[in-house]
Amino acid sequence: MSSKLRTCMVYAMIGVALLCGQAAVAQERTPDWSKVQIKATKVSGNIYMLEGQGGNIAASVGEDGIVIVDDQFAPLAEKIQAALKELKITDKPVRFVINTHYHGDHSGGNAPFSNAGSTVIAQDNVRKRLETGGIAGNGGSMKIENKPAEKAALPIITFEHDVTVHLNGEDIRALHFPSGHTDGDSIIFFPKNNIVHMGDDFVRYGFPFIDVASGGSVQGMIDAMEKATAQLPADVKVIPGHGALSNLDDVRAFTKMLKETSSTVQKAIDGHKTLDQMKQEKILAPWEKWKNGFVNEDAFIETLYNSLTGHKGEFMKHN
């Protein structure tokens with residue numbers, strides 16, 4: 001099995017785990033891409049949400065062409081293209097792809113879209129991490145190896161703070177929120193259509209995967225959610241990185257959980273408790289409903305502990 005396919009497979013199994021709530025990430029088999037169906041839902045105006053396997057895609061579809069936010073996996077690129085054509089709005093191609101972050105379930109389709117003529121845009125750190133590869137993880141039990149991406153998968157246009165794409169009568173703005181899910185996160189705003197794509201800084205599957213090893217942190221994720229919601233209208237439609245179309249109440253509930261759980265772990269750290277003691281005492285039991293097949297209470301305790309202490313966890317041992 002090639003390293004590229006193995007990385008794609010691992011992220012795909014993570015996608016299955018997120019969708020199904022099962023520990024599919026442990027299964028060592030290649031997904032059957034032929035069975036994946038792409039579902040397109042109109043969100044508002046000319047903005048659609050596409051669901052398949054991997055992160056949610058936002059698509060601005062109009063007479064100027066198409067802009068998509070994230071592109072799932074390489075084997076699904078043709079299906080995504082077909083789903084966009086089936087909307088029968090435009091025959092023009094996908095002109096731009098904007099990555100919310102570097103993980104393969106959101107950027108895996110970069111190469112085929114690039115080879116088809118799309119221009120890939122992302123925050124500076126997305127290109128750096130795709131180019132170099134490395135280990136993604138929560139600093140503890142969750143680890144995913146990423147091989148360096150092929151040249152065609154690398155973003156052609158990168159930005160430090162923000163960039164705006166003016167297309168289809170919309171000012172599509174990608175704004176960098178540092179050190180949340182990763183160190184290259186962008187939240188994408190569609191102000192005229194009153195829509196926002198949060199990437200994996202906001203997900204609907206429960207406890208989030210925070211890639212501490214790639215510069216992510218719970219503090220950064222909370223900060224991103226609070227700053228983003230402060231500049232959004234009350235009735236904005238929210239596309240999460242994974243899960244169903246949402247609203248600001250859903251984002252606030254998610255943020256509240258992050259603040260409460262991180263406060264609980266910080267209190268335990270201040271009390272000189274070890275990571276193992278926190279797990280044994282089940283300190284996140286009050287938030288049990290947020291656990292899922294991908295990130296359970298113990299994995300999230302590890303995430304919060306490593307995030308709050310500034311350790312990535314590779315060399316941390318606890319008695």
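The values are calculated or read from the model by the stated rules, or taken from the named source; none is laboratory data. The model shown is predicted, which means the values in this text are computed figures rather than measured ones. Neighbour counts run over all protein chains shown; Cβ positions are idealised from the backbone, glycine included. Side chains are part of the model used for accessible areas, which takes the heavy atoms of the whole protein and leaves out ligands, DNA and RNA. Shrake-Rupley method; radii C 1.70, N 1.55, O 1.52, S 1.80 Å.
Note on region 256-284: residues that are open to solvent by 10 Å² or more (accessible area, probe 1.4 Å) and under 24 Å from the mean Cα position of the chain (by Cα) amount to 5.
Please work out if GLU51 is at pLDDT 95 or above, under 17 Å from the mean Cα position of the chain (by Cα) and open to solvent by 40 Å² or more (accessible area, probe 1.4 Å).
Details: at pLDDT 95 or above: yes; under 17 Å from the mean Cα position of the chain (by Cα): yes; open to solvent by 40 Å² or more (accessible area, probe 1.4 Å): yes.
Answer is yes for this residue.
THR182: more than 13 Å from the chain's Cα centre (by Cα) and either on the phi < 0 side of the Ramachandran plot or open to solvent by 10 Å² or more (accessible area, probe 1.4 Å) (or both), yes or no? Against the criterion (more than 13 Å from the chain's Cα centre (by Cα) and either on the phi < 0 side of the Ramachandran plot or open to solvent by 10 Å² or more (accessible area, probe 1.4 Å) (or both)), THR182 does not qualify. With ASP124, ASP162, ASP91, ASP64 as the choices, which residue is touching a residue at least 12 places away in the same chain (Cβ under 8 Å) and over 30 Å from HIS311 (Cα atoms)? It is ASP64.
If you check LYS79 against the conditions, is it closer than 24 Å to ARG204 by Cβ, free of Cβ contacts under 8 Å to residues at least 60 places away in the same chain and open to solvent by 40 Å² or more (accessible area, probe 1.4 Å)? When the stated conditions are applied, LYS79 passes them. Can you pull out the residues in region 197-226 that are of a type in the set (A, V, I, L, M) and under 12 Å from GLY137 (Cβ atoms)? ILE210, VAL212, ALA213, listed by residue number. Annotation note: of LEU18, LEU84, the sole residue that is modelled with pLDDT under 95 and either assigned to a strand (DSSP E or B) or crowded, with 20+ Cβ neighbours inside 10 Å (or both) is LEU18.
Would you confirm, using the coordinates I've provided, whether PHE96 is open to solvent by 10 Å² or more (accessible area, probe 1.4 Å) and either under 26 Å from ILE38 (Cβ atoms) or out of contact with any helix residue (DSSP H, G or I) (no Cβ under 6 Å at 6 or more places or on another chain) (or both)? Steps first, answer last, please.
Values: open to solvent by 10 Å² or more (accessible area, probe 1.4 Å): yes; either under 26 Å from ILE38 (Cβ atoms) or out of contact with any helix residue (DSSP H, G or I) (no Cβ under 6 Å at 6 or more places or on another chain) (or both): yes.
Yes; evaluated as a whole, the condition is true for this residue.
For region 139-156, a residue qualifies if it is open to solvent by 70 Å² or more (accessible area, probe 1.4 Å) and touching a strand residue (DSSP E or B) at 6+ places or on another chain (Cβ under 8 Å), and the qualifying residues are LYS143, GLU145, ILE156.
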